[in-house]
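Undergrad: Below are the structure tokens for one structure; questions will follow.
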Amino acid sequence: MKFTIVATVLLGLVLTPALSQFQYQDVKVNRRQYPRTITINVGLGFQTLTVNRNALVAIIEANSAENAWTTVWNYGTGYIATKLVREGVCYVSPMDRVVMPALDSIAVLAEQTNNVKGESVLPRSIRYVVSRRQARELRTYGNDIFALCSGLPTFIAFEESQPEGGNQIFYNQDACYRLDVLNLLGIEYCRAGKV
């Protein structure tokens with residue numbers, strides 16, 4: 001009887017660390033199930049959000065017939081890119097991390113706004129002025145932005161408050177393309193005309 005008790009205790013001492021490491025590794029794998037994809041109801045359509053925490057990238061797609069677009073937010077490189085499907089054009093711009101939601105909170109915030117009924121007012125918005133300068137070397141903006149914009153005319157866009165090379169930028173406010181991203185952020189792209 002004493003032998004059985006001693007053997008059980010020793011077996012328990014040997015197996016406890018091994019089993020605890022196995023369980024911890026399993027939990028760690030479950031926490032890193034990325035990319036994570038959710039669908040959000042936005043106005044009359046839907047948008048799909050894919051968050052890849054490992055690559056520090058969020059991809060949002062709107063696939064309505066009259067207003068299809070895809071935007072990539074690369075938190076690693078600090079750039080965003082938007083492809084307007086109907087226009088067949090892509091815009092790349094520096095990311096304003098003050099206005100943009102944090103990568104870790106996008107999915108949670110989007111799900112919260114998805115549960116709000118009625119017309120929502122976007123809490124934040126940003127306006128980009130699209131320059132006539134085409135982007136070169138798309139790979140420098142990240143692989144996801146390269147994949148999104150490859151083969152399309154791609155233009156650099158600057159935040160409205162950031163002048164391009166010190167020059168004042170004028171644009172037609174009526175010629176802006178507006179994206180309502182996940183009921184979280186309004187993004188406008190306006191074509192520039194230098195004076």
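The values are calculated or read from the model by the stated rules, or taken from the named source; none is laboratory data. The structure displayed is predicted, hence computed values, not measured ones. Reconstructed Cβ throughout: ideal geometry from the backbone, glycine too, with neighbour counts over all protein chains shown. Side chains included, ligands, DNA and RNA excluded: accessible areas come from the protein's heavy atoms. Shrake-Rupley method; radii C 1.70, N 1.55, O 1.52, S 1.80 Å.
Undergrad: In segment 124-140, what count of residues is obtained for those that are in contact (Cβ under 8 Å) with a residue 60 or more places away in the chain and either surrounded by 13 or more Cβ atoms within 10 Å (Cβ to Cβ) or under 12 Å from E160 (Cβ atoms) (or both)?
TA: Of the residues in segment 124-140, 8 are in contact (Cβ under 8 Å) with a residue 60 or more places away in the chain and either surrounded by 13 or more Cβ atoms within 10 Å (Cβ to Cβ) or under 12 Å from E160 (Cβ atoms) (or both).
Undergrad: Every residue in segment 117-140 that is under 21 Å from the mean Cα position of the chain (by Cα), basic (K, R) and modelled with pLDDT of 85 or more, please.
TA: Selection gives R127, R139.
Undergrad: While we're here: Which of the residues belonging to segment 149-158 are open to solvent by 20 Å² or more (accessible area, probe 1.4 Å) and of a type in the set (A, V, I, L, M, F, W, C)?
TA: Result: L152, F155, F158.
Undergrad: Check segment 94-108 and report whether any residue there is over 19 Å from G45 (Cβ atoms), at pLDDT 90 or above and assigned to a strand (DSSP E or B).
TA: Looking for residues that are over 19 Å from G45 (Cβ atoms), at pLDDT 90 or above and assigned to a strand (DSSP E or B), one finds at least one in segment 94-108, hence yes.
Undergrad: Within segment 62-93, count every residue that is free of Cβ contacts under 8 Å to residues at least 24 places away in the same chain, of a type in the set (D, E) and closer than 19 Å to Y128 by Cβ.
TA: Qualifying residue count, segment 62-93: 0.
Undergrad: Taking the condition of being of a type outside the set (G, A, S) and either without any contact (Cβ under 8 Å) to a residue 24 or more places away in the chain or touching a Lys or Arg at 6+ places or on another chain (Cβ under 7 Å) (or both), how many residues in segment 144-154 meet it?
TA: Of the residues in that region, 4 qualify.
Undergrad: Would you mind telling me which numbered condition in (1) assigned to a strand (DSSP E or B); (2) open to solvent by 30 Å² or more (accessible area, probe 1.4 Å); (3) modelled with pLDDT under 90 A192 fails?
TA: The single condition A192 does not satisfy is (2).
Undergrad: If you don't mind, there's one more thing I want to ask. Determine whether segment 171-185 contains at least one residue that is part of a strand (DSSP E or B), at pLDDT 90 or above and open to solvent by 20 Å² or more (accessible area, probe 1.4 Å). It would help to see each step written out before you state the result.
TA: Keep residues of segment 171-185 that are part of a strand (DSSP E or B), which gives 171-181, 185.
Narrowing the set further to residues that are at pLDDT 90 or above leaves none.
Within segment 171-185, not a single residue is part of a strand (DSSP E or B), at pLDDT 90 or above and open to solvent by 20 Å² or more (accessible area, probe 1.4 Å).
Undergrad: Same structure again: When you go through (1) modelled with pLDDT of 95 or more; (2) more than 13 Å from the chain's Cα centre (by Cα); (3) of a type in the set (S, T, Y) one by one for T82, which number turns out not to apply?
TA: Looking at each condition in turn, T82 falls short on (2).
Undergrad: Which ones in segment 54-67 are farther than 13 Å from D144 by Cβ and at pLDDT 90 or above?
TA: Residue satisfying the conditions is A62 alone.
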